[in-house]
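Taking it in order: structure first as structure tokens, then the write-up.
Any read-out appearing in this document is the output of simple, stated calculations on the displayed coordinates, not a laboratory observation. Only a predicted model underlies this, so the values are computations on that prediction, with no experimental measurement involved. Please note: Cβ atoms are built from the backbone with ideal geometry, for glycine as well, and neighbour counts cover all protein chains shown.
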Amino acid sequence: MIREMTTEDLPVLVGIYKETFLASHKGFLPRALLETVTDQTVLDRFHRIFGSEVRRPFCFVKEIDNSAIGFVLGTFALNPPKGYKGEIKMLYVLPEYQQSGVGKQLLQKAVQHFINHNVETMFIGTFKDNTVGRGFYERLDGEVISEQTDVIHGHPLVTVNYGWSSIGTIFDEPFYDN
């Protein structure tokens, strides 16, 4: 089942973020940067995103047997790449549930939300060296729309934005959330 996030979900989502981020980024991010991913820094990130009413953040949670296993967090972008309105800020699925369609289901739910709010374009950023994430976006026909070097906690890292100029065409099959 996919449902809207509640405030009670926040500690669990922080755990999913940490576990997934550390597992999927440990091969290419500096150890010192990975060590900055703590419960508090992740919680602070959630609070910053949800503290912006202008961005109208939303979050959907995927559950199996009443346990959260993944989530997608999106917003209406403040300073998006030209021509893009919706932004996926976080898409995390526990490692043991990856490659099972959960990420795709969550992204479908976000797309549905954007379309229901008259947003027909979206983008998502990832690290250039995140080959697994990049492969996922490319399989869904995401196009590289920008690339930049950002300094994160003192480490220069290349990030890539993938965009979809018509999100209504991303998925060929109907949406299922079970």
Query - Candidates Arg134, Arg139 - the one that is of a type in the set (Lys, Arg) and crowded, with 16+ Cβ neighbours inside 10 Å - result: Arg134
Query raised in the report: Applying the selection to region 86-100, what residues are under 19 Å from Leu140 (Cβ atoms) and within 15 Å of the chain's Cα centre (by Cα)?
Result: Gly86, Glu87, Ile88, Lys89, Met90, Leu91, Tyr92, Val93, Gln98
**Report entry** Test: Ser146 is more than 24 Å from Leu43 (Cα to Cα), surrounded by 13 or more Cβ atoms within 10 Å (Cβ to Cβ), touching a residue at least 24 places away in the same chain (Cβ under 8 Å) and in contact with a Ser or Thr (Cβ under 6 Å, 6 or more places away or on another chain)
**Finding:** no
Report summary line: Checked Lys128, Lys82 against criteria (closer than 23 Å to Phe58 by Cα and basic (Lys, Arg)); the one match is Lys82
Query raised in the report: With respect to the numbered conditions (1) in a strand (DSSP E or B); (2) under 15 Å from the mean Cα position of the chain (by Cα); (3) surrounded by fewer than 21 Cβ atoms within 10 Å (Cβ to Cβ), which one is the sole condition not fulfilled by Lys104?
Result: (1)
Query raised in the report: Which condition does Thr20 not pass, out of (1) of a type outside the set (A, V, I, L, M, F, W, C); (2) out of contact with any helix residue (DSSP H, G or I) (no Cβ under 8 Å at 6 or more places or on another chain); (3) part of a helix (DSSP H, G or I), if it passes all the others?
Result: (2)
Requested in this report: Pull up region 77-101, narrow it to residues that are of a type in the set (D, E, K, R) and not in a strand (DSSP E or B), then point me to the one that is surrounded by the fewest Cβ atoms within 10 Å (Cβ to Cβ).
Outcome: Lys82
Query raised in the report: What are the residue pairs meeting all of these: first residue in region 27-38, first residue surrounded by 11 or more Cβ atoms within 10 Å (Cβ to Cβ), second residue assigned to a helix (DSSP H, G or I), Cβ atoms under 7 Å, and 6 or more apart or on different chains?
Result: Leu34/Leu22; Leu34/His25; Val37/Lys18; Val37/Phe21; Val37/Leu22
**Report entry** Phe123 outside any helix (DSSP H, G or I) and of a type outside the set (Val, Ile, Thr)
**Finding:** yes
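Residue-wise test of (1) under 17 Å from the mean Cα position of the chain (by Cα); (2) in a strand (DSSP E or B); (3) within 21 Å of Ala23 (Cα to Cα).
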position: Ala110; (1), (2), (3): yes, no, no
position: Gly133; (1), (2), (3): yes, no, yes
position: Asp150; (1), (2), (3): no, yes, no
position: Pro156; (1), (2), (3): no, yes, yes
position: Val160; (1), (2), (3): yes, yes, yes
**Report entry** Looking only at region 64-76, and only at residues there that are out of contact with any strand residue (DSSP E or B) (no Cβ under 7 Å at 6 or more places or on another chain) and in a strand (DSSP E or B), the one that is surrounded by the most Cβ atoms within 10 Å (Cβ to Cβ)
**Finding:** Ile64
Query raised in the report: Any idea which of (1) in a strand (DSSP E or B); (2) in contact with a helix residue (DSSP H, G or I) (Cβ under 9 Å, 6 or more places away or on another chain) is the one Val37 doesn't satisfy?
Result: (1)
**Report entry** Test for Glu138: is it in contact with a helix residue (DSSP H, G or I) (Cβ under 8 Å, 6 or more places away or on another chain), of a type outside the set (Val, Ile, Thr) and without any contact (Cβ under 8 Å) to a residue 60 or more places away in the chain
**Finding:** no
